[in-house]
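Novice: The structure's right below; bear with me while I get my questions together.
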Amino acid sequence: MKNKNRYSVIIPMYNEEAVIQDTYRRLKTVMSKTGEAYELLFVNDGSKDRSAEIIRECSYWDPTVKLIDFSRNFGHQIAITAGMDYAAGDAIIIIDADLQDPPELILDMIAKWQDGFEVVYAKRTKRSGESRFKKWSASLFYRVLKASTEVPIPVDTGDFRLMDRRVVDELKRLPENNRFVRGLVSWVGFRQTALEYERDERLAGETKYPLKRMIKLCIDGITSFSYKPLKLAGYLGAMLSGSGFLYFIYVLYLALFTDATIKGWPSMIGVMLIFNGFVLLMLGVLGEYVGRIYDETKGRPLYIVRESYGTASPIQDRTAMQQVRHYE
Ligand code: UDP
Ligand code: MG
């Protein structure tokens, strides 16, 4: 059977009442230009404001509007994931709710998709209206990530992108809990291409990514796609024990052939500090990975939906889904 919805647009939202109406209107204008069937899939990530009500009202008279209403805030990456689970389109587009990503670019993405690309991601050449710290830290993050993994995760690229149905079906089979969606998209492969754009200022409201969340995203990105931090701890440890050993020979020499050893207290402290610091660092790195292993073994669902409007429920058990795929 031919799919009814050609395009699914996923819009994660968390306390976006100030912009959501405008976002809806602009998406509507853009999507109607395609001349094909589409759905606007809003995922309300536990907003405490009227975001969900505004969208629900729209859904009463606009059948293209759908709403997945989470029982609480589960986070941006999970909201996107839920959107993909529910999306019915042949091409799935992810866009932020705050109009920082220009919806008009979707038409260009669709053109690329029609040329045969299965993933079209949007690469930011400029970011306006964001603090210097945010730009700097984001840029650093993408570069560290790139240096630490073999997976070709493009730099300066957020989640604003178009994906073919096949790509989304593959993503749905990945069971991990600590999700870094843009990395997973790179990991699944397929024909990928970039479109460049200038990122606008937020239309209204403020960022929902304070430093703490940015750090979480950053650590998720790096630990999900790289063992390098663990290896780095090993290298550092080897180097430090190496130099520690050399220093010990020197100390032995001092003790045996000179009478200067009584002054050794500062160096003792120095060595202890370095080593203790290093052991703690290493424990921290191990902790990050062990914590993630724990998360995955718990096998909790990624999210809980309070209610959904206008969509059919998808299969939610990721492991079950994997098995179904396996025996197909
Ligand atoms: N968002 C979400 N859940 C969260 C945080 C953010 O669904 O816990 C949404 C938010 O509403 C927006 C998108 O994710 O549509 C990106 O967030 P934001 O614009 O605050 O991030 P920034 O652009 O500042 O990096
Ligand atoms: Mg934003």
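Since every read-out is calculated from the coordinates, none of them should be taken as a lab result. Please read these numbers as outputs of a predicted model, since none were measured by experiment. All Cβ positions, glycine included, derive from the backbone under ideal geometry; neighbour counts span all protein chains shown.
Novice: Compute the relative contact order of the chain as a whole-number percentage, counting only Cα pairs closer than 8 Å that sit 6 or more residues apart in sequence. Walk me through the numbers on the way to the answer.
Specialist: Details: 484 pairs, mean separation 71.8, N = 328.
Computed value for the chain: 22 percent relative contact order.
Novice: Given the chain reduced to its alpha-carbon atoms as identical point scatterers, what log10 I(q)/I(0) does the Debye formula return at q = 0.11, 0.15 Å⁻¹?
Specialist: -0.74, -1.28
Novice: For a test of the definition: using alpha carbon positions, the gyration tensor, and the 1.5 limit on a/c, classify segment 147-240 as rounded, prolate or oblate.
Specialist: oblate
Novice: Another question, then. Hey, can you rank 16-26, 106-116 by average C-beta count inside 10 Å, highest first? The partial results should precede the final answer.
Specialist: Working: 16-26: 19.4, 106-116: 16.0.
Packing order, densest peptide first, comes out as 16-26, 106-116.
Novice: Contact order normalised by length for segment 14-87, with contacts defined as Cα pairs under 8 Å and 6 or more residues apart; what percent is it? Could you put the intermediate results ahead of the total?
Specialist: Working: 87 pairs, mean separation 26.8, N = 74.
Relative contact order, segment 14-87: 36 percent.
Novice: Oh, and also: Could you identify which residue out of A233, A88, A194 has the top mean-square fluctuation in a GNM of the chain using Cα springs shorter than 10 Å?
Specialist: Of A233, A88, A194, the most mobile in the Gaussian network model is A233.
Novice: Expected output is a single nm value to one decimal: the length gained when fully extending between A147 and E130, i.e. 0.36 nm times separation in residues minus the C-alpha distance. What is it?
Specialist: Using 0.36 nm per residue and subtracting the Cα-Cα distance, I get 3.6 nm.
Novice: Separate question: Taking 19 Å as the cut-off for C-alpha to C-alpha distance, list the pairs among K48/K208; K28/K134; K172/K208; K112/K134 that go past it.
Specialist: Numbers: K48/K208 13 Å; K28/K134 30 Å; K172/K208 25 Å; K112/K134 30 Å.
Where the Cα-Cα span goes over 19 Å, the pairs concerned are K28/K134; K172/K208; K112/K134.
Novice: Taking the Cα-to-Cβ direction at L273 and at T29 and moving 7 Å from each Cα, how far apart do the two end points lie in nm?
Specialist: 6.0
Novice: Using the alpha-carbon atoms, what tilt in degrees (0 to 90, nearest 10) does helix 105-114 show relative to the longest principal axis of the chain?
Specialist: Value to nearest ten degrees: 90.
Novice: Relative to the longest principal axis of the chain, what angle (0 to 90°, nearest 10) does the C-alpha long axis of helix 265-298 take?
Specialist: The two axes meet at around 30 degrees.
Novice: Can I ask one more? If you line up the long axis of helix 318-327 against the longest principal axis of the chain, both from Cα atoms, how many degrees apart are they, to the nearest 10?
Specialist: The angle comes out at about 80 degrees.
Novice: Oh, and also: Of all beta bridges DSSP finds with both residues in the chain, what is the antiparallel percent, to the nearest 5?
Specialist: Working: 12 of 36 bridges.
Around 35 percent of the beta bridges assigned by DSSP in the chain are antiparallel ones.
Novice: Do the sum for the chain: with -39,500 (n - 2.57) for every DSSP H run of n ≥ 4, divided by all residues, what is the mean residue ellipticity at 222 nm, to the nearest 500 deg cm²/dmol? Could you put the intermediate results ahead of the total?
Specialist: On the way: 11 runs with 167 residues, N = 328.
Theoretical 222 nm ellipticity from helices: -16500 deg cm²/dmol.
Novice: What shape does segment 197-305 have by the C-alpha gyration tensor, where a ≥ b ≥ c are the square roots of the eigenvalues, rounded means a/c under 1.5, and otherwise prolate means a/b greater than b/c and oblate the rest?
Specialist: On the way: a/c = 3.70, a/b = 2.44, b/c = 1.52.
It comes out prolate by the Cα gyration axes.
Novice: What are the chymotrypsin sites (Phe, Trp or Tyr not before Pro) within segment 116-193 that DSSP puts in a loop, where the Cβ has at most 16 other Cβ atoms within 10 Å? Present the calculation step by step, with values, prior to reporting the outcome.
Specialist: Numbers: sites: F117, Y121, F133, W136, F141, Y142, F160, F180, W187, F190; in loops: F117, F180, F190.
Hits after loop and neighbour filter: F190.
Novice: Given axes a ≥ b ≥ c from the Cα gyration tensor, I'd like to know whether segment 187-234 is rounded (a/c under 1.5), prolate (a/b larger than b/c) or oblate. Write down the numbers at each step before the final one.
Specialist: Working: a/c = 3.34, a/b = 1.34, b/c = 2.50.
Oblate, because a/c is 1.5 or more while a/b does not exceed b/c.
Novice: Once you have the Cα-Cα distance between T193 and E307, take 0.36 nm times their residue separation minus that, and quote the gain in nm to one decimal.
Specialist: Values: separation 114, 0.36 × 114 = 41.04 nm, distance 3.55 nm.
Here the segment from T193 to E307 would lengthen by 37.5 nm.
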